[in-house]
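Notes to accompany the following structure.
The values are calculated or read from the model by the stated rules, or taken from the named source; none is laboratory data. None of these values were measured; they are calculated from a predicted model. All Cβ positions, glycine included, derive from the backbone under ideal geometry; neighbour counts span all protein chains shown.
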Amino acid sequence: MQEVNNRVVITGLGVVAPNGVGITDFTNAIKQGISGISYHKELETLGFSCCIGGIPLVPEALQLQYLSALQLKNFNSPGILYGCMAGMDAWKDAGLMINETADWDSGTVFGTGTTSVEKFRESVNKIDAGQVRTLGSNAVLQTMTSGVSAYLSGILGLGNLVTSNSSACCTGTESILMGYERIRSGNAKRMLVGACSDGGPYVWGGFDAMRVMSYKHNDNPEKASRPMSATANGFVPGSGAGALLLESLSSAVERGAKIYGEIAGGALNAGGQRGNGSMTAPNSEAVQRCISKAIENAGVDVNEIDLINGHLTATSKDAEEINNWATVLNRKGKNFPYVHSLKAMTGHCLAAAGAIESVAAVICLANDFIFPSINCEDIHPDIGAIIDAEKIPQRLLENNKLRLIAKASFGFGDINACLIFKKYNG
């Protein structure tokens with residue numbers, strides 16, 4: 001059987017982020033360097049060291065534009081809601097209609113990490129109180145790992161592969177690669193890909209206990225997330241969802257769809273928690289292999305990378321990440337690509353991070369701008385020794401003729417994902 005190598009393009013985007021819900025508001029926020037991180041009294045009351053975080057603003061009136069009042073009855077799963085909103089927006093943005101019958105050519109890989117915690121807690125409390133009969137008919141749908149992909153499939157009528165992946169902070173980036181491979185191999189024409197994550201104390205508590213979250217800026221939340229900064233003191237938690245509609249080039253051209261960009265290739269791997277890798281830290285050799293393989297699979301040269309949309313969490317691993325990029329690309333100083341981190345504005349959205357950040361990368365690619373990496377006026381000296389300060393933009397850079405953007409994510413369990421987004425030139 002002859003191998004199929006379809007070109008895969010991006011025809012739709014959707015996002016629910018702490019600093020912007022919907023592509024228009026999100027684009028405005030990232031261009032202006034607007035933070036979505038705020039103080040949460042509940043966290044202080046519960047004894048958290050980090051009392052700030054990024055939670056999207058989704059009032060009830062907005063929820064009702066996506067799900068009916070009946071669907072929202074006894075609904076207590078913000079992550080699934082975020083995923084449905086982002087996924088439905090990406091579908092609509094691609095110019096697709098909701099199917100009356102199953103669409104056998106369209107599917108979804110929509111991932112999650114820890115989601116529906118509030119619904120699970122509600123269910124446990126009712127069971128412990130002997131009120132199992134009051135759980136309602138949607139408790140299972142909201143607490144199963146594949147809940148978000150099941151909801152999206154039912155809303156949109158998806159009849160191809162429907163699944164949810166879960167790979168810690170790599171989840172969103174991994175879902176894009178899984179959808180890409182599905183289309184590239186000829187097994188689907190369209191794949192809705194992305195990821196979502198809940199926020200709040202029951203998701204963030206474990207990280208606070210690990211002492212890996214920022215605690216020095218509770219009184220100044222917008223300055224707290226400081227990737228690549230000398231004064232970074234841990235990540236700020238976030239939540240939300242990002243979605244991309246991937247499509248074979250032939251399908252997109254046939255129906256006259258707008259095309260944001262192309263996925264040139266990518267790679268996934270793991271470090272096996274060997275070398276300098278562990279459950280919570282990346283193996284540098286594995287990271288370098290993943291980046292190198294992604295570039296090889298994309299068929300591009302290391303000198304063609306214009307911009308890196310980094311994982312960069314505002315922890316001690318930021319300098320190591322930059323060094324890994326410099327090693328693979330063999331580029332340093334002024335020759336290093338531009339690099340930035342969306343987490344400075346959104347916080348670390350955990351499983352949803354790679355998807356939200358990929359949406360931001362594609363927006364930059366399609367519109368030729370580079371959003372600022374805010375809160376990095378004091379570049380970490382170990383990073384400054386590798387790359388020139390002007391390569392970490394402190395302000396919006398417009399009219400940049402971006403051709404290739406590399407996007408990477410590195411997750412707990414010593415796992416890695418890297419994507420190469422390419423300008424579509426017809």
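Observations
- Scan of segment 79-115 for residues that are out of contact with any Leu (no Cβ under 9 Å at 6 or more places or on another chain) and surrounded by 22 or more Cβ atoms within 10 Å (Cβ to Cβ), ordered by number: Gly79, Tyr82, Gly111, Thr112, Thr115
- Pair list, Cβ under 8 Å, 6 or more apart: segment 209-224 residue of a type in the set (Gly, Ala, Ser), other residue at pLDDT 95 or above and not in a loop (DSSP other than H, G, I, E, B): Ser214/Ile52; Ser214/Phe235; Ala224/Ile37; Ala224/Ile52
- Considering Ala294, Ala243, Ala232, the condition of being of a type in the set (A, V, I, L, M), at pLDDT 95 or above and outside the structural domain of Thr108 (by TED's automatic domain parsing) is satisfied by Ala294 alone.
- Looking at segment 327-426, the helices (runs of 4 or more DSSP H) lying wholly inside it that each contain 3 or more residues that are under 15 Å from the mean Cα position of the chain (by Cα) and farther than 21 Å from Arg289 by Cα sit at 343-346, 353-367.
- Given (1) among the acidic types (Asp, Glu); (2) farther than 22 Å from Val212 by Cα; (3) touching a residue at least 40 places away in the same chain (Cβ under 8 Å), index of the condition Glu254 fails: (3)
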